[in-house]
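Student: Shown below is the structure under consideration.
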Amino acid sequence: MTTTDVRPPVPGPDTLGRLESEAIHIFREVAGEFDRPVILFSGGKDSTLLLHLAVKAFWPAPVPFPLLHVDTGHNFDEVIEFRDRVVAKHGLRLEVAKVQDFIDDGRLAERPDGTRNPLQTVPLLDAITSHKYDAVFGGGRRDEERARAKERIFSLRNAFGQWEPRRQRPELWNLYNGRHRPGEHVRVFPLSNWTELDVWHYIAREGIELPSIYYAHQRDVYLRDGMWLAEGPWGGPRDGEELLTKTVRYRTVGDGSCTGAVESDAADIASVIAEVAASRLTERGATRADDRLSEAAMEDRKREGYF
């Protein structure tokens, strides 16, 4: 994928300002309505934007919520270094729920395909239960995937952490219903109405730092199922797959075993914005192998308690 000379339209200040105001309102609403909220934070672009908005919502006071990272162990080093640096910069408390711990004690088993993204559900629900979190902020957006397009901003989860579409509430006039029974919790998505292009325009406007892998760089990758994957602790090329050095970047960041890069020369924010504007695939559709397991892969995982 290469950038073009056509300049993409820039959303007016009212668009980004309206999205920002909505997200800040949601953060403050949760702070006033729930007892033990937590922010899911992996160091990816959406969770970094989420944290930036949380800082704005409560400034000059500190963010009143801890952070939670459900760690597959299949990480990109640049992202983990960035995650830890951001946490230290803001003086936040980070809880890490490690998939590897659940594999080691027998509560989970490695999948035959080696990917650990679907294994995140059990550590996530265990962390929510053990810490008694009643509201969990996530960076999901409705433009990412069909199942997420159905999601409410306040998404009720039952006592087993499962998403039940028929129990979701209407959200007319930006009124959010956070009522839940003991043992239930609510997933909260302040970025629901943002698009990938909105995210990048806002990152440019605010000067938000991201991990370097979101910009073009040289990396050894191999082609599998139409995606450029990197080798790592999760494995590498199979027979017939050749390791090549390519100029790539990542549109989304997840488990290294199933997150693909895209060929790109977009080394700065302006180039990334032009590239995203020209794309006809969402970042998950283009680069996430775990979403290709079936037509309803994401919805199935959400019903089990996934993000």
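The values are calculated or read from the model by the stated rules, or taken from the named source; none is laboratory data. Keep in mind it's a predicted model, so treat the numbers as computed, not measured. Note that we place each Cβ from the backbone using ideal geometry, even for glycine, and neighbour counts take in every protein chain shown. Note: accessible area is taken over every heavy atom of the protein model, side chains too, but ligands, DNA and RNA are not part of it. Shrake-Rupley method; radii C 1.70, N 1.55, O 1.52, S 1.80 Å.
Student: Of the residues ARG238, ARG219, ARG205, ARG249, which is outside the structural domain of GLU151 (by the TED database), basic (Lys, Arg) and under 18 Å from LEU50 (Cβ atoms)?
Tutor: Within the list ARG238, ARG219, ARG205, ARG249, the selection yields ARG205.
Student: Looking at VAL87, VAL79, which is the one that is surrounded by 14 or more Cβ atoms within 10 Å (Cβ to Cβ), under 17 Å from PRO233 (Cβ atoms) and not acidic (Asp, Glu)?
Tutor: Result: VAL79 is the single residue among VAL87, VAL79 that is surrounded by 14 or more Cβ atoms within 10 Å (Cβ to Cβ), under 17 Å from PRO233 (Cβ atoms) and not acidic (Asp, Glu).
Student: If I ask for residues that are touching a Ser or Thr at 6+ places or on another chain (Cβ under 8 Å) and either outside any loop (DSSP other than H, G, I, E, B) or over 30 Å from LEU16 (Cβ atoms) (or both), which ones from the stretch 200-220 would you list?
Tutor: HIS217, GLN218, ARG219, ASP220
Student: Which of the residues belonging to the stretch 17-62 are aliphatic (A, V, I, L, M), in contact with a Lys or Arg (Cβ under 7 Å, 6 or more places away or on another chain) and either open to solvent by 10 Å² or more (accessible area, probe 1.4 Å) or outside any helix (DSSP H, G or I) (or both)?
Tutor: ILE24 - this is the single residue of the stretch 17-62 that is aliphatic (A, V, I, L, M), in contact with a Lys or Arg (Cβ under 7 Å, 6 or more places away or on another chain) and either open to solvent by 10 Å² or more (accessible area, probe 1.4 Å) or outside any helix (DSSP H, G or I) (or both).
Student: While we're here: Out of ALA267, ALA216, I need the residue that is open to solvent by 60 Å² or more (accessible area, probe 1.4 Å), under 21 Å from VAL79 (Cβ atoms) and of a type in the set (A, V, I, L, M). Which one?
Tutor: Criteria check complete, one pass: ALA267.
Student: Go through ARG181, ARG148, ARG169 for me and flag whichever is part of a helix (DSSP H, G or I), among the charged types (D, E, K, R) and either within 22 Å of GLY44 (Cβ to Cβ) or open to solvent by 30 Å² or more (accessible area, probe 1.4 Å) (or both).
Tutor: ARG148
Student: For the stretch 256-307, what are the residues that are of a type in the set (Ser, Thr, Tyr), modelled with pLDDT under 60 and more than 15 Å from ARG146 (Cβ to Cβ)?
Tutor: Within the stretch 256-307, just THR287 meets the criteria.
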